[in-house]
Ligand code: B12
Ligand code: SF4
C-alpha cells in the first residue's frame, strides 16, 4: 500500500520554527512499513509546501501530532478525507484525546504504534480485523470503539534504524543558526521520574527501556557523521547509569564519537565519573530540566530535585567541559513575579550557557492538565496556543498577563544584547549566536503577539477559585476587547541595559 505520513508544522513563530528536526515516530513507522514492502514517505513540518497530489494519491495518510500542532493536523485530515482518502492520526495528543481526533480522522492509533502499525495497515488493506489491533479507536455508527492498548515494545533492539531518506525533500536540516546537520537518534524510552507537567511517562511509561550499545552504534554508523551533531532524543539519557556507561565506553572503543547532546536529570552529577566519560564520548551540551529555584514549585512539579542538587549539577557538568542548556517552567501555584525573577537571576548567576524559559502548559495526559481542567482554570480551547510559549490557564499567584510578561522578561534578560556581547567577549561564538537568535525570537514574538497580550490583559487578575466561566474566553474575544500593548512589557529593558554594562565592564 501507499502510505504517506505527515508531521504538521507548528503554528506561529516558535523558537524551533527554523529547526528541521523530525519526531522519530512517523519516520520509524514509515521504516517498518517500507521494510514490509509498502511504499511509505514522511512530509516533515511542511518546510516545503505539502505535496497534496502525493497525499490524495495515497491509500492511507498517517498524521502525527503533538498538542500545539493538533489544529493543523485536523485541517490536513479534513482536507485529505474530503478526497475520499482514509486518515489515521497518532502521537501524544490523540493518544489522550482520541474522541476529539476522531472528529477529523477515520482511525486513531493510540500509544506507541511500532508493534501495532503492521496489523493496522493489514486491516486497512483487507477491510477487516480492526478489533484485533491494539490501541485502535474508530467510530462504528454512533458508537466509538477503543481497543485496549497493547504492551509497549519491551525490546527496543527489535526496532529498525529510522530511515531518514523516507523524509521528503531530504532529512533533518540545519537549524538556521548552526551550520552542522543535526542527526536525531533515540537510545531509550520512558523515564523513572514522573513530573506533573510532563506527558512522557503517560505515553512511554516509567519503566526505562533502552537499545543495546551495539544497536546504537549501528544507528550511528548508518548516518553520515562528518560535521554532524547527534541529538540523542532520550528524555533522560542517564536514567540507568550502568547502561549509559556501557554505551559510552562502546562508542569510545569503536572510535564513534561525534559531537552530541542530550537531555539529562540533575541526578547525572551523582554518578562518579559519568560526566567526564560523556565528554570523552563526544558530548558537548546537555539539556537539563531545572524548572525553578522555588522549592515549593519543585515539589508541586514532583520534580524530585533540590536547588542544591541543581547547583551541584551545573558545577559538575561545567567541570567536565560540557555546556549546560537550562530548561525552566514558570507558573506553578507557588510562583509569582518574584520567584520567576529569582529563577532567571539564578540562571544568569550560574552561567548557564543557554536557557529556555517556558510557561507551564496543561498538556493532555498530564496531572497538570487534569487538575487545571477539573478546576475550570483553562483559558482557551485553542490547542495551537499550547506550545509552552502562551499562557493558557489562570495562574494562582499572579495574573495571566504577569505570567506571560515575566516569562518574556526572563528570556529577555538572559538573551539581552549585553549577554550576547558577554559571550562574544569570552570567545563563546556559538553561545553568542544562539543568544542573539533567541533574543531576536523573543522580540519578534512580542511584536507579533500584541493582540494575544491584550487578550491576557483583558482577562484581569489571578485565579481566586470563582472564575470557572472564563474557560470559554478565546483569544479573538480578547483581541477585540483591547488593542493596546500592555504597559508591563518593557519590564526587562533595565535589566538588558545592566547586562550590557556588565558586558562592557568584563
Ligand atoms: C525531540 C523532541 C523535540 C525536538 C524536535 C521535535 C519535533 N519535530 O516536534 C524539539 C527540541 C525541536 C522539540 C520541541 C518541542 N517539543 Co518536544 N519532544 C521531543 C522528544 C524528546 C522526542 C520526540 C521523539 O522523536 N520521540 C520518539 C518517538 C518514537 O515517539 P513519537 O514520535 O511520539 O512516536 C510514537 C507514538 O507517538 C506514535 N506515533 C507518532 N506519530 C504517529 C503517527 C501515526 C499515524 C500513528 C499511527 C502513530 C504515531 O507511534 C510512535 C512510535 O511508537 C519528545 C518526548 C518523547 N519521548 O517523545 C518531546 C515532546 C514531543 N515535545 C513536547 C513539546 C511540548 C515540545 C514543544 C511544544 C515545547 C518544548 N519542549 O520546547 C516544542 C514544539 C515543537 C514543535 N513541533 O512545534 C511534548 C509534546 C506533548 C504534547 N502533547 O504536546 C513531548 C512529548 C515531551 C513532553 N515533555 O511531554 N521537541
Ligand atoms: S525528568 Fe524529564 S522526562 Fe522525566 S518525567 Fe520529569 S520532565 Fe518528564
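Restricted to the range 287-379, the set of helices (runs of 4 or more DSSP H) holding at least 2 residues that are away from ligand 2 (no atom under 16 Å from the Cβ), outside the structural domain of residue 412 (by TED's automatic domain parsing) and at pLDDT 95 or above comprises 295-300, 307-319, 337-349.
The listed residues are 135, 150, 129, 141, and the only one of them that is at positive phi and crowded, with 17+ Cβ neighbours inside 10 Å turns out to be 135.
Give the range 205-218 a look and list any residue that's surrounded by fewer than 20 Cβ atoms within 10 Å (Cβ to Cβ) and touching a strand residue (DSSP E or B) at 6+ places or on another chain (Cβ under 8 Å), or say none. Within the range 205-218, 205, 208, 209 qualify.
For the condition part of a helix (DSSP H, G or I), within 16 Å of ligand 2 (Cβ to nearest atom), on the phi < 0 side of the Ramachandran plot and touching a residue at least 24 places away in the same chain (Cβ under 8 Å), residue 244 qualifies.
Among residues of the range 225-237 being out of contact with any helix residue (DSSP H, G or I) (no Cβ under 9 Å at 6 or more places or on another chain) and touching a residue at least 40 places away in the same chain (Cβ under 8 Å), the one that is surrounded by the fewest Cβ atoms within 10 Å (Cβ to Cβ) is 227.
Counting only residues that are surrounded by 18 or more Cβ atoms within 10 Å (Cβ to Cβ), more than 7 Å from ligand 1 (Cβ to nearest atom) and over 19 Å from residue 1 (Cα atoms), how many does the range 78-96 have?
Our first condition is that a residue be surrounded by 18 or more Cβ atoms within 10 Å (Cβ to Cβ); within the range 78-96, this holds for 80, 85, 87-96.
Keeping just the survivors that are more than 7 Å from ligand 1 (Cβ to nearest atom) gives 80, 85, 87, 94, 96.
With over 19 Å from residue 1 (Cα atoms) added as a condition, the list becomes 94, 96.
Total satisfying the criteria: 2.
The values are calculated or read from the model by the stated rules, or taken from the named source; none is laboratory data. Keep in mind the model is a prediction, meaning the values are calculated, not measured. Quick reminder, even Gly has a Cβ in these numbers, built from the backbone with ideal geometry, and neighbours come from all protein chains shown.
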